There are 2 protein chains.
Amino acid sequence: MRERNESDEGGLPETVELAWGLRERPGKGPRRTLSLKGIVEAAVAVGAAEGLDALSMSRVAREAGASTMALYRYVASKNDLLALVLDELLGEPPGPPDPGTGWREALRDYAMALREVTRRHPWALRIPVTGPPAMPNNVAWMEAGLRRMRGMGLDAGTRLSVLMQVTGYVRYQSTLIADLESAYRAAGTSDRQVAIDYGNLLAALTADDRRFPEIRALLESKIFAEPGDDTPEDDFAFGLDCLLDGLEALVRRGG
Amino acid sequence: MRERNESDEGGLPETVELAWGLRERPGKGPRRTLSLKGIVEAAVAVGAAEGLDALSMSRVAREAGASTMALYRYVASKNDLLALVLDELLGEPPGPPDPGTGWREALRDYAMALREVTRRHPWALRIPVTGPPAMPNNVAWMEAGLRRMRGMGLDAGTRLSVLMQVTGYVRYQSTLIADLESAYRAAGTSDRQVAIDYGNLLAALTADDRRFPEIRALLESKIFAEPGDDTPEDDFAFGLDCLLDGLEALVRRGG
DNA sequence: CGTTACTGTGTATCGCATACGCGGTACTGC
DNA sequence: GCAGTACCGCGTATGCGATACACAGTAACG
């Protein structure tokens with residue numbers, strides 16, 4: 001028989017409990033002047049304004065109007081803070097689609113919503129993800145994703161697998177796009193110029209080199225020099241549809 | 001009219017030139033006691049033995065038998081060294097498949113080869129990738145990938161897009177698997193135990209919570225408690241085949 | 001043989017995460 | 001009321017990280 005409250009279910013990781021709002025304060029000591037929420041928001045503000053590299057404990061503390069060490073009364077480590085930041089940025093998942101929406105459209109919409117999140121916070125893509133989803137919003141997104149896969153007729157394991165595939169696709173593509181954009185932000189040139197530069201780089205490296213016929217053919221097709229009207233978002237959607245085609249084959253095959 | 005040699009084609013990034021073996025030494029000063037290759041190998045050894053966190057400049061220098069600062073005579077920054085490490089680990093791409101092999105099998109084999117690389121060096125997955133492929137082995141893998149897509153009848157832009165999709169899939173899945181394995185290596189338990197633990201965690205968090213019907217259904221299916229015979233590698237292959245199905249639809253549609 | 005460019009290295013700077021201990025505070029049980 | 005106690009915010013200290021810089025030695029060049 002345990003004397004503690006139910007929030008104290010054996011050995012949940014501290015940060016997880018904090019994020020879910022379990023673990024209450026025994027109102028013993030002085031009143032707290034900060035709040036976990038405020039700290040996380042300060043961290044988000046720093047990251048958004050100055051990037052992940054600038055997101056140090058001291059910088060966050062300054063933003064929150066406290067000393068560096070005060071933060072450690074609220075989070076166990078910087079990694080934990082970053083995990084909380086990720087969940088904060090994720091926000092709430094989109095609500096369920098209109099009834100009657102097919103799974104394909106529903107999943108596509110889900111991916112687009114996730115893409116929107118990563119577009120708004122590209123810097124956060126560099127935060128390493130350590131484990132399976134355990135934070136509130138993350139779990140809520142998981143729930144929402146599973147919800148949208150109802151009509152697919154897949155068993156539990158497959159559903160999880162497919163969901164991770166969609167999530168992974170969005171994450172990876174978003175990272176690529178973010179890299180591209182930061183590249184031309186850094187160079188101060190246009191995105192087209194970055195493509196042209198990369199084309200020139202490849203051309204210089206593979207010049208007169210018989211080992212790279214495919215790449216040379218690529219270069220001759222001028223896709224770097226004369227990028228079409230495709231935006232990165234078009235590419236994103238293209239790959240997504242391709243992925244969904246694969247899922248459709250899976251469903252047709254009956255799981 | 002330029003007096004420098006051809007290796008000095010205007011403004012290639014220094015590290016890129018170094019990796020490709022352009023840029024020769026004007027044999028002025030004392031003989032070098034180290035080599036770029038040796039340093040990269042030392043870095044790889046450290047990473048493999050002690051993980052990415054332990055891979056510091058001083059640690060690598062000790063491994064290479066030199067002082068910390070000596071390394072900076074060979075690489076411009078730690079980031080550059082990491083880029084070289086990545087290319088070293090990548091190694092040479094697999095040769096072309098047997099003639100007559102269909103694109104699907106060829107691409108599948110390509111993905112499996114890449115998966116094999118990431119399996120051997122899971123720690124390296126945490127090295128952030130900064131830009132498009134420019135290092136020798138990386139470009140060679142790109143060439144090899146494009147080569148295997150010949151029969152697909154896609155235009156240049158689409159081919160690149162598809163190749164990134166395959167690469168991204170392998171990278172992401174490998175990262176997930178590596179995280180899983182490091183989790184149970186850290187916990188000292190079995191992989192099954194990690195799944196069980198995660199299931200319990202989810203169960204505790206979503207207990208009696210009407211917001212998470214799908215997750216509770218998932219838990220009731222016992223996939224965490226009684227993992228089937230699926231290994232992570234099976235999951236990997238499953239998702240890959242799914243992705244290839246999507247590409248097949250693309251090809252059938254005619255690009 | 002001086003000049004020059006390059007070598008490896010020691011030292012120094014600066015920022016980082018975080019352990020630790022202090023003086024103060026507000027609830028608890030009496 | 002009042003002592004005890006558990007918690008607050010913070011200053012300080014530690015140790016490690018990347019890397020700028022200056023130095024003394026060395027080898028080719030003129």
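Computed from backbone phi, the HN-Hα couplings of the stretch A:127-135 come to 6, x, 8, 9, x, x, x, 9, 7 Hz, rounded to whole numbers (Karplus: 6.51 cos²θ - 1.76 cosθ + 1.60, θ = phi - 60°; Gly and Pro given as x). The relative contact order of chain A, computed from alpha carbon pairs under 8 Å that lie at least 6 residues apart in sequence, is 17 percent.
Shown for residue A:221: label points 7 Å from Cα along the beta-carbon vector, and their distances to the equivalent points in the other copies, 3.8 nm in ascending order. Where is the GNM fluctuation largest for chain A (alpha-carbon springs, 10 angstrom cutoff): A:46, A:139, A:129? Result for chain A, Cα springs under 10 Å: A:129 fluctuates most. Partner shielding of A:76-83 amounts to 0, given as the average count of beta-carbon atoms from other chains within 10 Å of each residue beta-carbon. Inter-copy label distances at residue A:233, using a point 7 Å along Cα-to-Cβ, come to 4.3 nm with the shortest given first. Counting only Cβ charges, +1 for Lys and Arg and -1 for Asp and Glu, the dipole size of chain B around its Cα centre is about 920 debye. Taking every residue in A:236-249 and counting other chain Cβ atoms within 10 Å of its Cβ, the average works out to 6. Exposed loop positions in chain A were taken to be GluC sites (Glu not before Pro) whose DSSP state is not H, G, I, E or B and which have at most 14 other beta-carbon atoms within 10 angstrom. Between these positions, the longest stretch is A:25-255. Shielding value for B:219-227 is 2, the average number of Cβ atoms from other chains within 10 Å of each residue's Cβ. What value, in deg cm²/dmol to 500, does the helix sum -39500 (n - 2.57) over DSSP H runs of n ≥ 4 give at 222 nm once divided by the residues of chain B? So the helix-based figure for chain B works out to -19500 deg cm²/dmol. When we measure straight from the Cα of residue A:37, which lysines land under 23 angstrom away, once same-chain ones fewer than 8 places off are left out? Result set, ordered by chain and number: A:28, A:78. Projecting 7 Å from Cα along the Cα-to-Cβ direction, the label point of residue A:98 sits 5.3 nm from its equivalents in the other copies, listed shortest first.
What is the protein assembly as shown by shape, rounded, prolate or oblate, if you read a ≥ b ≥ c off the alpha carbon gyration tensor as root eigenvalues and call it rounded for a/c under 1.5, prolate for a/b larger than b/c, and oblate otherwise? It comes out oblate by the Cα gyration axes.
Just so you know, all these numbers are worked out from the coordinates, no wet-lab data involved. It should be emphasised that the depicted structure is a prediction, and the values quoted were computed from it without experimental measurement. FYI the Cβ positions are ideal-geometry reconstructions off the backbone, even for glycines, and counts take in every protein chain you see.
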